[in-house]
Structures are given as structure tokens and as C-alpha cells.
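Below you'll find the structure, written out as C-alpha cells, and then a few comments.
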Amino acid sequence: MKKVLVSMLGLGLAMGASAQEKADSAAFQFTDVKVVKTTSVKDQNKSGTCWCFAGTSFFEDEILRKTGVELDLSEMFTVRYCYEEKADRYLRMYGATNFSPGGSILDVPMIWEKMGIVPEEVYNGLNYGEEKHNHGELHEVLQAYMKGVEANRNRRISTAWRKGLNGILDAYLGQVPETFTYQGKEYTPQSFAQSLGLNVEDYVAVTSFTHHPYYKPFVLEVADNWTWGLYDNVKLEELKAIVDNAIEEGYSVVWAADVSEKGFKYREGYAVMPKGKDVSALEGTELSRWVTLSDQDRERERYKIDGPCEEIEVTPEVRQEMFDRQETTDDHGMVIVGVAKDQKGNRYYKVKNSWDTNQVYGGFFYVSEPYFLAKTISILVNKEALPKDIAKKIGK
């Protein structure tokens, strides 16, 4: 057994060294300036539940910040109860609302308050013969079932549909325990949540768009905001100031953003908004080469990134246009855990993802300030981390 452990340790060190060598030889060289305490990187795999992994990781960070205790909390506990809530709303809206695995940054605190939480070891949601989360079949079954109920062939909804829904959820994710024992104590999900010392009223969702008045809450118009949750609207520079202040004070931040841009290079460990090649400035052999390229090759060449590059200037108007034209979409939830700089002094946010650790920075990557300003949908943060002047403007 000791030989196996030693061999595994040696392999782990070798893999870590290999990853570091790969990072050090990359076009970007990042230096962490400030990183808050955060729990381990998790793997959502093929579940479409990034919102829950981000929100749960954030709450784990809050517990770690307040108590020094690192916990691994169950994402699938929250996912399961959100499906029940989504199904209820889907029927009340006659099927004219979103019923999908997706969710918003407000969903984790909502379920935490209503239903509680449990440790990962108590409920991992893997009850269907898989080692990693894979919700393709589960969602197809749930969607077909709810469409059948919503069709209302009997001209009124039966009293049995909830039992049927819970039967599906039990089959795939497992039954939620009414009570459980953790570290020698017995809990219910509600009493366990209460024991962790977090108050969901302490957290505020913030965004920045010009189609609503600043400093007033509004329902953010993205499909995954299925609860029609309210977001406080601040100016763009204030959105950035909130994140900067949070990191400086030791708080992580949930980050919902668009990750579909050509400058989003997760495997390579960075996300940037390159200005792109100015064709009018080309001349000589460079221009003659350009005119021979196919449209696909031109697009690839235009955004070829070899290291720190000139990025677009992001104004509130540019940001709004991207959102209005649906160039910025609500793709993914992550957690901002730090600030860093590249070899030329450009500033980045260090982000924890939920796509496992088999990546150049072990599941973390670096997001440039222009990318953050352009592609952020919203953030969730402890209101204690708000700069005082901004907190006053939004009434927190």
C-alpha cells in the first residue's frame, strides 16, 4: 500500500511539474497579485449545471473565509430541488417558460433558504450508473414528461404529476435524506444549512446595462433567470470596482458570463477581447497573402493570439450593443477568486471553473479586464464586499 501511495504521489508531482512547464512556456505569463481562499475545483461534466457549481463553490468559499473550514457541499441537492421548482412554474405558465438544466446565480441561495443543503458525501446525485455527472438522458426524460403533463389531455392537471416527477428525480439523482449524520452529529438539510452560519440576505446580484435606470433593481432578461430574480444595476466602472474591492477584502465573486468568444481560450488558460487585425493597415507581402486566404482562414488569422495583445475598448454603449444583438449571451457560471498580471503588466481576473482540473492551470484561467467588461452578464457578491459609496447608491 505504501509503495502504491508513493508511486501515485510521484506521478502527481510529475503531472504537476509537466503542467507548470506547459504554463511557463505559454505565450501568456501570468503572475498572481492577490488570490482569496477558495475550495477545490469540481467537475460538472455533462450536466449543464454550471450555475450550481459556481454558486455552491462561492458558498463554500464564504464558509472557508468565515470559519477556516473547507467543506464539499452537494451541487445535485440544489439541482434536484430546482427541477421541482422549474416544473411547477412551467405548468403555471402553460409551458411558456424555460425548463432546462440551466439556472441563474440566484438559484443556489434560493434553494439554500427554502430547502437547506447537505454535504457531497451525503448526496452526490450519481444514481444512474455513471461516475461523473451526465444529464443528457435525465433532461430528455424530464422534458418529455413535463410536456406530456402540460398538454393537459384530461382538461385539468392530475394530482399525480408531482409523484411522477419525483419518481424520475429519485431514479436518476437518488432520494434526498430527511436526516443524516455528519461528523458525529445528526442533521436535516435545513439544520445543516443553519449550522454553517450563512444568511442568504447577505448576498446581492449586480449587473450593468443601459436599457434600465442605474441604481434600481430590474428583472434581468435572460432565459435562465427563470425565477424573474431582481438584479441591481450599476455603472460599468462600478461593476468592476465591486469585484476589485471584493478580491482585495478577501471575498470571491460568482461570475456569469459569455464564453463563446474567439478570444476565450480555456485550455490555454486565458480569455481576451483582441482588437483584431486591421486589414487597411496591411501592405506588401502581408496584404498579398491576406487576399489569397479563404473567409474561414481570414477569420482565424484576424484573431490569432500569440500572447498579450491590443484589446478592444469597452464602453457601456459597446457592452449594451453586444447584449442587445445577442453577441453576449448567458453561457456559463464561474467564480472570480483573484487578480493577476501578464508579462506586460496587463491586469486579469483569476477565475475558478467547474470543468475538472485537466487543464494548463488546474481548472483556473485568467480573464482580461476588457473581456470582463464586455462579456459579464452578472455577479453575485457578499454585500459586505461592496464599496460603501456603491452600497449606498443601491440601498444595501
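Derivation of every value follows stated rules applied to the coordinates shown; laboratory data play no part. Please read all numbers here as calculations on a predicted model, not as lab measurements. Positions of Cβ are generated from backbone atoms using ideal geometry, with glycine treated the same way; all protein chains shown enter the neighbour counts.
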**Dipole-positive endmost among ASN152, ALA205, LEU169 within the stretch 115-207 (Cβ charges, Cα centre)** = ASN152
**Message:** For a quick check of your reading of the filter: which GluC sites (Glu not before Pro) in the stretch 89-142 sit in a DSSP loop and have no more than 12 other Cβ atoms within 10 Å?
**Reply:** GLU121, GLU131
**Message:** List the lysines whose Cα sits under 21 Å from the Cα of LYS86, skipping any in the same chain fewer than 8 residues away.
**Reply:** LYS46, LYS114, LYS147, LYS163
**Message:** Just to confirm the filter: which trypsin sites (Lys or Arg not before Pro) across the stretch 141-224 are DSSP coil and have at most 10 other Cβ within 10 angstrom of their Cβ?
**Reply:** ARG153, ARG155, ARG156
**Request:** Project the alpha carbons of the stretch 289-396 onto their principal axes and report the range along each, largest first, in whole Å.
**Result:** 58, 35, 28
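Where the convex hull is taken over the Cα atoms of the stretch 59-190, what is its projected area averaged over directions, in nm²?
Seen from a random direction, the Cα hull of the stretch 59-190 projects 9.2 nm² on average.
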**Distant-in-sequence amide H partners of HIS332 (H built 1.01 Å from N, under 5 Å)** = ALA257, VAL259
**Message:** How would the stretch 123-259 be classified by its alpha-carbon gyration tensor: rounded, prolate or oblate, with rounded meaning a/c under 1.5 and the a/b versus b/c comparison settling the rest?
**Reply:** oblate
**Asked** Cα centroid distance between the stretch 142-218 and the stretch 62-137, in Å?
**Response** 6 Å
**Request:** Using Cα pairs closer than 8 Å and at least 6 residues apart in sequence, work out the relative contact order for the chain, in percent.
**Result:** 25 percent
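Within the chain, which complete DSSP H helices have Cα atoms spanning at least 30 Å along the helix axis and a mean Kyte-Doolittle hydropathy of -0.5 or higher?
Both cut-offs are met by 2-24.
In deg cm²/dmol and to the nearest 500, what is the mean residue ellipticity at 222 nm of the chain if only DSSP H runs of at least 4 residues count, each as -39500 (n - 2.57), divided by the residue total?
-12000 deg cm²/dmol
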**Prompt:** Given q = 0.07, 0.09 Å⁻¹, what are the Debye log10 I(q)/I(0) values for the chain, with equal point scatterers placed on the Cα positions and solvent ignored?
**Reply:** -0.37, -0.61
**Asked** Is the stretch 117-190 best put as rounded, prolate or oblate by its Cα gyration tensor, with a ≥ b ≥ c the root eigenvalues, rounded for a/c under 1.5, and otherwise prolate when a/b is larger than b/c, oblate when not?
**Response** oblate
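Among ASP244, ASP170, ASP306, what is the fewest-to-most ranking by other Cβ atoms within 10 Å?
Ordered by Cβ neighbours within 10 Å, fewest first: ASP306, ASP170, ASP244.
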**Message:** Run through the stretch 41-123 and list the chymotrypsin sites (Phe, Trp or Tyr not before Pro) located in a DSSP loop whose Cβ has at most 11 other Cβ atoms within 10 Å.
**Reply:** TYR94
**Residue order, fewest to most surrounding Cβ atoms within 10 angstrom, among HIS133, HIS211** = HIS211, HIS133
**Prompt:** Taking neighbour Cβ counts within 10 Å as the exposure measure, how do CYS82, CYS309 sort from fewest upward?
**Reply:** CYS309, CYS82
